[in-house]
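Derivation of every value follows stated rules applied to the coordinates shown; laboratory data play no part. Here the structure is a predicted model, which means the values were calculated and not measured.
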Amino acid sequence: MKNVIIYIHGKGGTAEEAEHYRPIFANTDVVGFDYKAQTPWEAKKEFPQYFDAVCAKYETVWVLANSIGAFFAMSALADKRIEKAMFVSPIVNMERLICDMMAWEHITEAELRAKKEIETAHGEI
């Protein structure tokens, strides 16, 4: 049986972080996914293509994802053949987090839609 764990990094991370997990999962291939997506809708286009290409070679597939990578994985890979998913510090309700951050900064949806990205004291929205 061939097993794989696909590691999906968080914002600012890299696929090379998968190296940390290889000794922990010694009988499993651990591959890092160095994605470009910055939004859930971009992840929904990019993640399935990569996932399908890698998973075609394996019988058992696990996902190990960190932070925003976990959120993207949940959004983009929900209908894929994944036996187990392990999320490190996932943001499980991104919409709520964004709405809360907008409220803290008194930013409206219209303003965010027009500017696309706004720097705040709590990070970018």
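Checking [x] 25; [y] 72; [z] 40 against percent of Cα pairs over 27 Å apart calculated from these atoms, the matching label is [x]. Each residue of region 17-33 is assigned a 3J(HN,Hα), and the resulting list reads 4, 4, 3, 4, 8, 4, x, 6, 10, 4, 9, 9, 6, 10, 10, x, 9 Hz, derived from the Karplus form 6.51 cos²θ - 1.76 cosθ + 1.60 (θ = phi - 60°), x at Gly and Pro. Between the amide H of residue 63 and those of 6, 84, 85, 86, distances stay under 5 Å, these residues lying 5 or more places away or on another chain, with hydrogens modeled in the peptide plane. Calculated mean residue ellipticity, 222 nm, the chain: -10500 deg cm²/dmol, from DSSP H runs (n ≥ 4) at -39500 (n - 2.57) each, averaged per residue and rounded to 500.
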